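Report on the following structure.
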Amino acid sequence: MEQQLNDIKNVLEEHLSAINDNSLEIQAIFDYVHEVETKLDKLKDRMDQMQLAHGQPIQKQIIAPLNKLERQIFLVLYTQEAPLTFEEIAKRTNLPTPCIPECLTMLAQKGIPLQRSYIESKLFFRLSPQFRELQAKENLVNLSLQSFME
């Protein structure tokens, strides 16, 4: 009986080790993707500056329609200048924390430029200041009263 328990313990320890290795690999990939996104954001900003310097118009951003949850999260990010964690966004929207990363991904896929940053090993999000200004001027996200009634 004791041998069987030791065998089960060894198998579980192997599984735990594999899970930890996979978690580390996922974190490393996430960090790499974040670094690439940051570099792409900087490159986009430089291209925008070059277009402005040469008098070329910047193309208007096209934003896909947002659903109710995405609008809630967008409004929290739009009204906050300071970067927010997943937990802070969840608290301000009264949504469960696990659904926030997926909603932020959907916002990014729909064309909302989010800025990510790490502060003391915590991930923070905020809207690009240029986009916030453009949203205030042109209402790209369609924050009309009717959009909230749908």
- Task: Out of V33, V11, report the one residue that is among the hydrophobic types (A, V, I, L, M, F, W, C), modelled with pLDDT of 85 or more and closer than 18 Å to R116 by Cα.
- Result: V33
- All-but-one check, A82 against (1) in contact with a Lys or Arg (Cβ under 6 Å, 6 or more places away or on another chain); (2) not in a helix (DSSP H, G or I), failing number (1)
- Item | Search result, residues across the range 89-108 that are assigned to a helix (DSSP H, G or I) and touching a residue at least 12 places away in the same chain (Cβ under 8 Å) | I89, R92, T93, C99, I100, P101, C103, L104, M106, L107
- Here are some residues: I119, I62, I73. Which one is exposed (fewer than 10 other Cβ atoms within 10 Å of the Cβ) and closer than 15 Å to F131 by Cβ? I62
- Out of (1) within 21 Å of D31 (Cβ to Cβ); (2) within 13 Å of the chain's Cα centre (by Cα), the one F74 does not meet is (1)
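The values are calculated or read from the model by the stated rules, or taken from the named source; none is laboratory data. Owing to the predicted nature of the structure, the values given are computational and were not obtained by experimental measurement. Reconstructed Cβ throughout: ideal geometry from the backbone, glycine too, with neighbour counts over all protein chains shown.
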